[in-house]
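Here the structure is laid out as structure tokens; the discussion comes afterwards.
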Amino acid sequence: MTTDSSHPRIEVEHVKKRFGTVEALSDVSLTLKDNEVLSLVGDNGAGKSTFIKTLVGIHQPDGGEIRFDGEPVTIDGPKHARKLGIGTVYQDLALVDELSVAENLFLGRMPVKKVGGLVPVVDQEYMAEEAERILSEHLNIHVDPDTPVEFLSGGERQAVAIGRALVTDPDIVLLDEPTSALSKAAVEHVEELVQRLRDSGHSVILIDHNLEEVLSMSDRVAVLFQGRIVDVVDAADVTRDDVVSMMVSGHRANEDTDDELAGDESDVSSSRSSTA
Ligand SMILES: Nc1ncnc2c1ncn2[C@@H]1O[C@H](COP(=O)(O)OP(=O)(O)OP(=O)(O)O)[C@@H](O)[C@H]1O
Ligand SMILES: [Mg+2]
């Protein structure tokens, strides 16, 4: 129950996702509100990427419901998610090495022009111009749009992946570790981008291991522990230590844990396999 006036864009209710014996998401309920930056934090293997992939239909949930603007939806895959106005940067970036920067940005949605009014061909010129514009305007990154991405640095590749999520002008942006390979200066561009997205009415889900970045960029922070939500807190109300403590203990900050710890230990050994 919330008294908040902003309406929810995405509501995830009791979602479960299991891979063999690993319960990657167990009964996760989480709401992305209109025009907020919601961060997802948790240790390696906590289920953060699985949550994002379930939202965009790469994984189908084993149970629970996802509502988009109040309507229950079954999202078939990333293409469907994009149609709904969701742009995603995946943790593995999902770029095609042999293709150029511009081709990666427009992968699966290449603009077409008619030559002589008849023959449809990919509009390379438009793609190159747009690729340059998107990367420089949004991220202040300047790369030749015709370069195959295999030759780019890690940070440039990450920028291409972010640019790719923005090509369709989404109003919801999901960022899974968008800054992990970036220099300090480039991280600042991503921070500015997230700020700009929020200022222009977007909703953002951000996954980031750097808790300082998380706390400075987010409105709310959801802490995941072994596939379940520990707590969702306002970023302004918590310290970095509070968040770390929830991430490693799986308990809310200041929660009385004496009785639960014993139960949790057996949970860990019985229901989770270890993750690298
Ligand atoms: N496709 C898959 N097949 C089998 N197991 C998977 C698959 N995807 C994720 N898992 C498992 O689900 C759990 C959650 O993984 P997930 O990638 O969501 O974690 P994460 O929170 O994103 O971690 P990290 O911070 O390392 O990126 C892990 O135990 C992982 O090994
Ligand atoms: Mg991940």
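Among Gly70, Val248, Val190, which residue has its Cα furthest toward the positive end of the charge dipole of the chain, with +1 on Lys/Arg Cβ and -1 on Asp/Glu Cβ?
Ranked along the dipole, the leading option is Gly70.
Using per-residue counts of other Cβ atoms within 10 Å, averaged over each peptide, order 21-28, 204-211 from highest down.
204-211, 21-28
Gaussian network model of the chain, Cα springs within a sub-10 Å range: biggest mean-square fluctuation belongs to which of Phe51, Phe151, Phe68?
Phe151
Whole angstrom only: what separates the Cα centroid of the range 134-150 from the Cα centroid of the range 82-106?
13 Å
Using only DSSP helix segments of four residues or longer, with each worth -39500 (n - 2.57), what per-residue ellipticity at 222 nm results for the chain after dividing by its residue count and rounding to 500?
It comes out at -10500 deg cm²/dmol, rounded to the nearest 500.
From the backbone phi of the range 173-181, what are the Karplus-calculated ³J(HN,Hα) couplings (6.51 cos²θ - 1.76 cosθ + 1.60, θ = phi - 60°) in whole Hz, Gly and Pro given as x?
Per residue, the Karplus-derived 3J(HN,Hα) values read 10, 10, 10, 9, 6, x, 10, 4, 9 Hz.
In terms of modelled amide H atoms, which long-range or inter-chain residues lie less than 5 Å from the amide H of Val230?
Here the answer is Val223, Leu224, Phe225, since their amide H atoms fall under 5 Å of that of Val230.
Across the range 232-245, in residue order, what do the Karplus-derived ³J(HN,Hα) couplings come to in whole Hz, using 6.51 cos²θ - 1.76 cosθ + 1.60 with θ = phi - 60° and x for Gly and Pro?
With the stated coefficients, the range 232-245 comes to 10, 10, 6, 4, 6, 9, 10, 9, 4, 4, 4, 5, 4, 4 Hz.
Using only the alpha carbons of the range 95-169, determine the length spanned along each of the three principal axes and report them from longest to shortest in whole angstroms.
Reported extents, whole Å, longest axis first: 40, 24, 18.
Pairs Lys113/Lys184; Lys114/Lys184; Lys48/Lys83; Lys17/Lys83; Lys53/Lys184: which exceed 32 Å Cα-Cα?
Where the Cα-Cα span goes over 32 Å, the pairs concerned are Lys113/Lys184; Lys114/Lys184.
Using the charge dipole of the chain (Lys, Arg: +1 at Cβ; Asp, Glu: -1 at Cβ; taken about the Cα centre), state which of Val173, Asn44, Ala236 has its Cα farthest towards the positive end.
Result: Val173.
What FRET efficiency, computed as 1/(1 + (r/R0)^6) with R0 = 25 Å and r the Cβ-Cβ distance, is obtained for Val122 and Arg196, rounded to the nearest 0.05?
Efficiency for this residue pair is about 0.25.
How long are the semi-axes of the ellipsoid equivalent to the chain, from square roots of 5 times the Cα gyration tensor eigenvalues, in whole Å, largest first?
Three semi-axes, in Å: 35, 20, 18.
Under a Cβ-only charge scheme (Lys and Arg +1, Asp and Glu -1), can you give me the dipole magnitude of the chain about the Cα centre, in debye to the nearest 20?
1020 debye
I need the phi-derived Karplus couplings for the range 211-216: 6.51 cos²θ - 1.76 cosθ + 1.60, θ = phi - 60°, integer Hz, Gly and Pro marked x.
5, 4, 4, 4, 5, 7
Can you give the relative contact order of the chain as a percent, counting alpha carbon pairs under 8 Å and 6+ residues apart?
The value is 25 percent.
What does the charge count near Ala94 come to, summing +1 for each Lys or Arg and -1 for each Asp or Glu among other residues with Cβ under 15 Å from its Cβ?
-1
Taken together, the values in this text are just the output of simple stated rules run on the coordinates, not laboratory data. All values reported here derive from a predicted model rather than from experimental measurement. With ideal geometry, Cβ positions are generated from the backbone for all residues, glycine too; neighbour counts draw on all protein chains shown.
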